[in-house]
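Report on the structure given below.
Here, each number is a calculation from the coordinates, and none is a lab measurement. Keep in mind it's a predicted model, so treat the numbers as computed, not measured. Don't worry about glycine lacking a Cβ; one is built from the backbone with ideal geometry, like all the others, and counts go over all protein chains shown.
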Ligand SMILES: [Zn+2]
């Protein structure tokens, strides 16, 4: 059995024990929910790791959501092209509408004044 050659004094003992500190665990922020998460571990709040769900049930649900979203995006892009062409056509109409809106806004103010008077009575 190994035996210490010399007794450790109070000073040496204190210096050795002074280096025993608590360390803060390394954490990152979850890319899915924003909660602080230990590095290289699954998020305890939402069960995601590297932006993907870990549970098989959640994976199936996420895949189903992606499948439903993809065709919607394609149709959205096509519709935006058509919409852009329509927007150019409608810009001229919008100017006319804005002029009308100003007129109607002035009328609404008059109506509000009337309402205020009726409330006072
Ligand atoms: Zn999370």
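Some observations on this one:
- Linear extension gain, residue 60 paired with residue 6, 0.36 nm per residue minus alpha-carbon span: 12.9 nm
- In nm, spacing of pseudo-spin labels at residue 44 and residue 19 (7 Å Cα→C-beta vector): 3.1
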